[in-house]
Amino acid sequence: MSKGEGSAIRKADLLIVANRLPVDRVVGPDGSVSWRRSPGGLVTAIEPVMRENDGAWIGWSGGADDDIDPFVEDGMSLVPVTLSGQEVEEFYEGFSNATLWPLYHDVVAKPEFHREWWDSYVAVNRRFAERAAQVADEKALVWVHDYQMQLVPAMLRELRPDLRIGFFLHIPFPPAELFQQLPWRRQLLEGLLGADLVGFQRPGAAQNFVRLVRQRVGHKTHRDLVYLPDGRTVRAAAYPISIDTPGLERLARTESTEQRAKEIREQLGNPRTVLLGVDRLDYTKGIYDRLRAFRELLTQGDLSVDDCVFVQVATPSRERVEQYRRLRDEIDRLVGRINGDLGKIGSPAIHYLHTSYPKDEMAALFRAADVMVVTPLRDGMNLVAKEYVACRYDDTGALVLSEFAGAADELRQAFRVNPYDINGMKDAILTAVHAQPRDLARRMKAMRKTVSEHDVKGWARRFLESLDETAPEHNKKVRPATAQ
Ligand code: GDG
């Protein structure tokens, strides 16, 4: 599509504000620019809602100093926000991914606190809020997403009090004991309180937030409501995100996916058991300990490379952040050592794929896997676990799932593990490998029912309906029914 298409800013009734646009910029060998849908939880979740509402999406293109006019891609109206090279380092790689990300994930890695990073976070949040204020039509509904944008709700409310503003946090919200470490804790809480509705993945996260608001900001609260001195009420509650279940199941059922799944198994040497991990290469995902558990099962003779293989897809992520580079090296070394020690010609123990695949290949992988191993140390939700379930339309396959993933609240029939307990993880994997088909079918049927009844459309509808109930009467224009 041409850059100029739809370049005049159209006023939108429904506006998504997120760190990234739902597309990546691809520059061809001849210098031509095109856009490709980007992977990642947020895009997977929001895209169907956007299409049905004819809204606009404000976000960063992913490059430094890109100055791009608003454009329409694949039916979506996109409004790019520019970041300088320094802001990419300080706001994105720094404050978002080296301060907030580890802090909000149980301090799995040590968060870094730098005042320049904070300044950059404030400046970029202000730019997003100003852009949203320009693009939003009168009384529009603005839905702000995730940890990179926590100051936007209050900044936007100040510029445009007529708007209804919702905020959804895709990652965990930490307990007060950890959040308290943050030198800018009060500003972040006040930023979020600019929204009418603050949504979280799990009820415990919403409770953490309300407690902090009471303790740190001093507002009155009652259950999931916060009462502000200016008379506004803010609701904080859980809206567990989900996936496009029917769409994914349709893809899984196609002849070509089935064919490709068969081919994958053949290429793996037709082993009795294929175990699969699919994650962004991130230290919260528990990849390292999961592979250690698998190694011990092989060394102790509980499993054998003769009839069992582990496929680990690790999608490249945040490669300029130091902790991510280190993690990549550590996993490279571990996989090399496991395969060197335990693999045989034609039968490596682990197929490690540091790459990103198209959606249909992912569906084929989910179809090819007997045991899906999802063991994050902490995860807001984890869509991969739900995607695996959606693809198992014949009620086969086993899901091993960390109790520290939000998905564990709903997928109760999974083989649950504490990812810090290597022996427990080994037991759960073995139990899953040896489980009887009848037991697996019973579990999978129940989990499939859950993901069918709670898909991403239902998630968006619930969030928007709650926003409609919470926001004051005077600024209602977009009805939640438009999101159905
Ligand atoms: C954040 C929160 C929360 C991955 N590799 C490829 C690929 N993916 C897709 C998966 C899935 C998505 O990316 C990853 O979502 P997750 O939920 O597993 O994890 P995060 O990226 O950390 O997402 C998380 C989520 O936001 C939504 O709120 O659940 O807790 O951390 O959809 O399938 N997709 C394709 N190729 C790949 O190589 N096509």
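Taken together, the values in this text are just the output of simple stated rules run on the coordinates, not laboratory data. The shown structure was predicted, so the numbers you read here are calculated from the model rather than taken from an experiment. Reconstructed Cβ throughout: ideal geometry from the backbone, glycine too, with neighbour counts over all protein chains shown.
Structural remarks
- Where labels lie 7 Å past Cα in the beta-carbon direction, separation of D106 and D230 in nm: 3.8
- Helix 422-434 axis, angle to the chain major axis (alpha carbon atoms, nearest 10°): 70
- For the range 79-104, the residues whose backbone nitrogen is under 20 Å from a point 7 Å from the Cα of V33, taken along Cα to Cβ, are 79-89.
- Summed over qualifying helices (DSSP H, 4 residues or more, each -39500 (n - 2.57)) and divided by its residue number, the chain shows a 222 nm mean residue ellipticity of -12000 deg cm²/dmol.
- Shown is the FRET efficiency for R292 and E361, computed with R0 = 25 Å from the Cβ-Cβ distance and rounded to the nearest 0.05: 0.40.
- Peptides 388-399, 332-343, ordered by how many other C-beta atoms sit within 10 Å of their residues on average, highest first, read 388-399, 332-343.
- Efficiency of FRET from Cβ geometry, T82 and R51, R₀ 25 Å, rounded to 0.05: 0.45
- Taking one quarter of the surface of the convex hull spanned by the alpha-carbon atoms of the range 332-484 gives a direction-averaged projected area of 12.4 nm².
- Zone residues, the range 368-394, relative to K445, backbone N less than 15 Å from point 7 Å out along Cα-to-Cβ: 393-394
- Value of D in µm² per second that Stokes-Einstein yields for the range 63-148, Kirkwood Rh from Cα pairs, at 37 °C (0.692 mPa s): 227
- Enclosed volume per residue, in Å³, of the convex hull spanned by Cα atoms of the chain: 144
- Protection proxy ranking of 369-377, 143-151, 24-32, by the mean of other Cβ atoms within 10 Å over each peptide's residues and highest first, is 369-377, 143-151, 24-32.
- The dipole here belongs to the chain: it is taken about the Cα centre, uses +1 on the Cβ of Lys and Arg and -1 on the Cβ of Asp and Glu, and is about 1120 debye.
- Ordering M444, L411, F463 by the projection of their Cα atoms onto the charge dipole of the range 315-467, which places +1 on the Cβ of Lys and Arg and -1 on the Cβ of Asp and Glu, puts F463 at the extreme positive end.
- Both radii are taken from the alpha-carbon atoms of the range 245-453; with Rh as the Kirkwood radius, Rg/Rh is 0.93.
- Bridge orientation summary for the chain: considering DSSP beta bridges with both residues in this region, about 25 percent are antiparallel.
- Label point distance in nm, L353-H114, each placed 7 Å from Cα along Cα→Cβ: 3.6
- Helix axis angle, 255-267 relative to the chain longest principal axis, alpha carbon, degrees: 50
- Protection proxy ranking, peptides 69-82, 222-235, average beta carbon neighbours within 10 Å, highest first: 69-82, 222-235
- Separation of the E138 and R250 label points, Cα + 7 Å toward Cβ, nm: 3.9
- Simple rule: put +1 on each Lys or Arg Cβ and -1 on each Asp or Glu Cβ in the chain, find the dipole, and look at L298, W35, M76; the Cα lying farthest toward the positive end is L298.
- Tilt relative to the chain, helix 437-453 - C-alpha long axis, 0 to 90 degrees, to 10: 10
- Listed residue pairs exceeding 19 Å between alpha carbons, taken from K426/K449; K386/K449; K285/K426; K262/K359; K359/K386: K426/K449
- Electrostatic dipole magnitude of the range 245-453 [Cβ: Lys, Arg +1; Asp, Glu -1; Cα centre; debye, to 20]: 200
- Summarising the overall dimensions of the range 123-217 from its C-alpha atoms, the Rg and Dmax are 13.1, 40 angstrom.
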